[in-house]
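What follows is one structure encoded as structure tokens, with my remarks underneath.
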Amino acid sequence: MQGFKRYAIYYAPEATRFAEFGKRWLGWDPVAGCDIPHPPYGLPMDDITRTPRKYGFHGTIKPPFRLARGVDIGALHAAATALMAGMSTVRVEGLKLTRIGGFLALVPEGDTAELRAMASKVVKALDAFRAPLTDADIARRNPARLSETQLDLLHRWGYPYVMEEFRFHLTLTSRVSPELAEQTRLVLEDTLPEVLPRPLKIRSLCLFGEADDGRFHMLHRYPFRG
């Protein structure tokens, strides 16, 4: 677990057809830590998945962060183990394909209150392990474009889209043109019905680490035992 630039807590599907779809769609297996070939969808897959590929197929719960000075990864791992052990399965009705700001993603259907509460709990409980943002970190978030609430969240929790601004999603593409988005949507709408879980049951969360090359690796899965 040591030696990674940043760490994050993600939802990543367990070993199912959904997980298999995700890693092959993006072309990156974060468990094995290797590239894998895309299926022959007839799309420029390397281009449309370039940005999300490095993160792996996931839904962000606690966004990537550097460890605070003096904090050992073992302490974060122990805290995450204890935290997740007290959690219970989170259910949402399902997932649907949508376009968010130029990219395609899967977002929850139905009531997300339970999911949002779980994410907020994780962000708060593990925040002591996060190093403070640098001025450069803040500048990369383009604070002039953030709402007052988002700016407050950025300074308090290190990311503008947590707590009341949290929107769970699993990113499938980079930002693409409307024409390419439509082509990709058609392929996905033909593929997804066979693999999407319904309902979606989140029974665990995962620790991911960012290597020096920017690729994220799954380091540990924490099952919920509550």
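The values are calculated or read from the model by the stated rules, or taken from the named source; none is laboratory data. Since we're looking at a predicted model, the values are computed, not measured. Using ideal geometry, Cβ is built from the backbone for each residue, glycine included, and neighbour counts are taken over all protein chains shown. Remember, those area values only see protein heavy atoms, side chains included, never the ligands or the DNA or RNA. Shrake-Rupley method; radii C 1.70, N 1.55, O 1.52, S 1.80 Å.
Hey, got the dipole for region 86-169? About the Cα centre, +1 on K and R Cβ, -1 on D and E Cβ, debye to the nearest 20?
In total the dipole reaches around 200 debye.
Please list, short to long, the whole-number percent of alpha-carbon pairs of region 91-205 in consecutive 10 angstrom bins beginning at zero. The percentages, shortest bin first, are 12, 33, 34, 19, 2.
Within the full protein context, the accessible area of Tyr41 is estimated at about 60 Å² for a probe radius of 1.4 Å.
Taking the Cα centre of the chain as the origin and placing charges on Cβ (Lys, Arg +1; Asp, Glu -1), which of Leu186, Phe18, Phe168 is farthest toward the positive end of the dipole? Of the options given, the answer is Phe168.
Among Ala82, Pro44, Cys34, which residue has its Cα positioned farthest towards the positive end of the charge dipole of region 33-96, with +1 placed on the Cβ of Lys and Arg, -1 on the Cβ of Asp and Glu, and the dipole taken about the Cα centre? Final value for the positive-end residue is Ala82. Note that region 1-75 presents 47 Å² accessible area per residue, ligands and nucleic acids not counted, probe 1.4 Å. In terms of accessible area, using a 1.4 Å probe and ignoring ligands and nucleic acids, Arg130, Arg69 rank largest first as Arg69, Arg130. Basic side chains Lys and Arg get +1 at the Cβ, acidic Asp and Glu get -1 at the Cβ, and with that the dipole of region 52-133 about its Cα centre reaches some 340 debye. The string of couplings for region 206-219 from the Karplus curve (6.51, -1.76, 1.60, θ = phi - 60°) is 10, 8, 10, x, 9, 6, 4, 7, x, 7, 9, 10, 7, 9 Hz, one whole number per residue in order, with x for Gly and Pro.
Counting 0.36 nm for each residue step from Ala79 to Ile36 and taking away their Cα separation leaves a gain of 12.2 nm. The angle between the Cα long axis of helix 113-125 and the longest principal axis of the Cα atoms of the chain comes to about 40 degrees, rounded to the nearest 10.
Calculated on C-alpha atoms, the gyration radius of the chain divided by its Kirkwood radius gives an Rg/Rh of 0.94. Rounded to the nearest 0.05, what FRET efficiency do Val107 and Gln2 have when you use their Cβ-Cβ distance and R0 = 41 Å? Calculated transfer efficiency: 0.75. Placing +1 on the Cβ of every Lys and Arg and -1 on the Cβ of every Asp and Glu, with no other charges, gives region 1-144 a dipole of roughly 340 debye about its Cα centre. Note on region 138-182: with neighbouring protein chains present and a 1.4 Å probe, carbon and sulfur make up 47 percent of its accessible heavy-atom surface.
Here the Karplus curve 6.51 cos²θ - 1.76 cosθ + 1.60, taken at θ = phi - 60°, turns the phi angles of region 169-175 into couplings of 7, 10, 6, 10, 9, 6, 5 Hz, with x standing for Gly and Pro. From its DSSP helices (H runs of at least four residues, each -39,500 (n - 2.57)), the chain gives a residue-normalised ellipticity at 222 nm of -9500 deg cm²/dmol.
Site pair His220 and Glu148 shows an inter-label distance of 4.1 nm when each label is modelled 7 Å from Cα along Cα→Cβ. With Cα atoms defining each centre, region 152-206 and region 18-56 are spaced 15 Å apart in the structure.
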